1. Out of Gln72, Gln41, report the one residue that is surrounded by 10 or more Cβ atoms within 10 Å (Cβ to Cβ) and part of a strand (DSSP E or B).
2. In the range 8-25, is there at least one residue being surrounded by fewer than 10 Cβ atoms within 10 Å (Cβ to Cβ), at negative phi and outside any helix (DSSP H, G or I)?
Amino acid sequence: MKSIVWLGTLLALLGILGLTIPVFTTSETKDVVNLGALKVQSTEQSTHVVPQALSAGALVLGVVLIGAGLYQRR
């Protein structure tokens, strides 16, 4: 398969993933105090939102790239 089809497939899958799971959280552990053997850590959670227009655009672009790659093959 051509690389344009693979790129289109990847973009389409990322677009579908972004539409199905638009909000996700990540957590990051940071050292707050470090005194010898004593270590105090803090865990911060961040919420990330994937814009719906970005996901839909990636899906549409992926489908267009897949079509273009298959059309070129003829």
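A short reminder: the numbers here are calculations on the coordinates, not readings from a lab. Predicted, not measured: the structure shown is a model, and the values here were computed from it. Positions of Cβ are generated from backbone atoms using ideal geometry, with glycine treated the same way; all protein chains shown enter the neighbour counts.
1. On the way: Gln72 fails: part of a strand (DSSP E or B).
Only one candidate qualifies: Gln41.
2. yes
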